[in-house]
Amino acid sequence: MDTRGQKLLKKFDEVFLLTLNASRKAFNEISRDMGITEPQLKVLIALSTREIIEGKTEGVTMRELSDMQMLSHGATTGLVDRMINMDLLERTRSEEDRRVVYVCLSEKGREIFRQITERRTQYLAPILDQLDTSQEQMILEALTILEARFKAEA
């Protein structure tokens, strides 16, 4: 990577971490208010992201969720069981192969994620509202380019 690329990557990392910290504040408040642990929150985020970005509402297999969370199958099973008891997730069996179990968000899980997103917006809106129209357009164009590159690599 050349010097220009390193400078771009450094700035990308700085902005990403600042945005992540603002989001983390919102996530921490919601999780504290709702009695959700960090691992449970990570599952909500992972499944919500899967629904929003990939449009997959049927859920993921337990193996996929274990891989996404970098947890053992046993740890993931315990986590999912607790989240099902909290009405945050639903578990279904595959119609084609009854051994395959899918996990997806429940309506309550989606609602909590919506609240997290709303709280995050409260943190980020004052910053974004300071941008003028041309700055906003420039950032949207840059993010759209990055999005396309990330999707092309996936």
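Each reported figure results from applying straightforward, stated rules to the coordinates on display, with no laboratory input. Since the structure is predicted, the reported quantities are computational estimates derived from the model, not experimental observations. Cβ placement follows ideal geometry from the backbone for every residue including glycine, while neighbour counts extend to all protein chains displayed.
The slack between residue 49 and residue 143, meaning 0.36 nm per residue of separation minus the straight C-alpha distance, is 32.1 nm. Computed packing ranks the peptides 2-15, 22-35, 107-120 as 107-120, 22-35, 2-15, most packed first, by mean other Cβ atoms within 10 Å.
Multiplying the residue separation of residue 61 and residue 117 by 0.36 nm and subtracting their alpha-carbon distance yields 17.7 nm. Residues whose amide H comes within less than 5 Å of that of residue 106, counting only those at least five positions distant or on another chain, are 89, 90 (H built at 1.01 Å from N in the peptide plane).
For the stretch 82-91, backbone phi angles converted through the Karplus equation (6.51, -1.76, 1.60; θ = phi - 60°) give residue-by-residue couplings of 5, 6, 5, 5, 8, 6, 8, 10, 10, 10 Hz, Gly and Pro being listed as x. Only Cα sites of the chain enter the Debye sum here, all with the same form factor; the resulting log10 I(q)/I(0) across q = 0.09, 0.12 1/Å is -0.38, -0.66, listed in q order. Amide H contacts of residue 100: 94, each under 5 Å away and 5 or more positions distant or on a separate chain (H built 1.01 Å from N in the peptide plane; Pro and chain starts excluded). For the stretch 70-91 and the stretch 29-60, what is the separation of their Cα centres, given in Å? Between the Cα centres of the stretch 70-91 and the stretch 29-60 lies a distance of 12 Å.
For the chain, the longest principal axis of the Cα atoms and the long axis of helix 107-128 meet at an angle of about 10 degrees. Comparing 40, 130, 122 in a Gaussian network model of the chain (Cα springs below 10 Å), the most mobile by mean-square fluctuation is 130.
Think of the stretch 1-55 as having a plus end and a minus end, set by charges on the Cβ of Lys, Arg, Asp and Glu; of 19, 34, 9, 9 sits farthest toward the positive end of this dipole.
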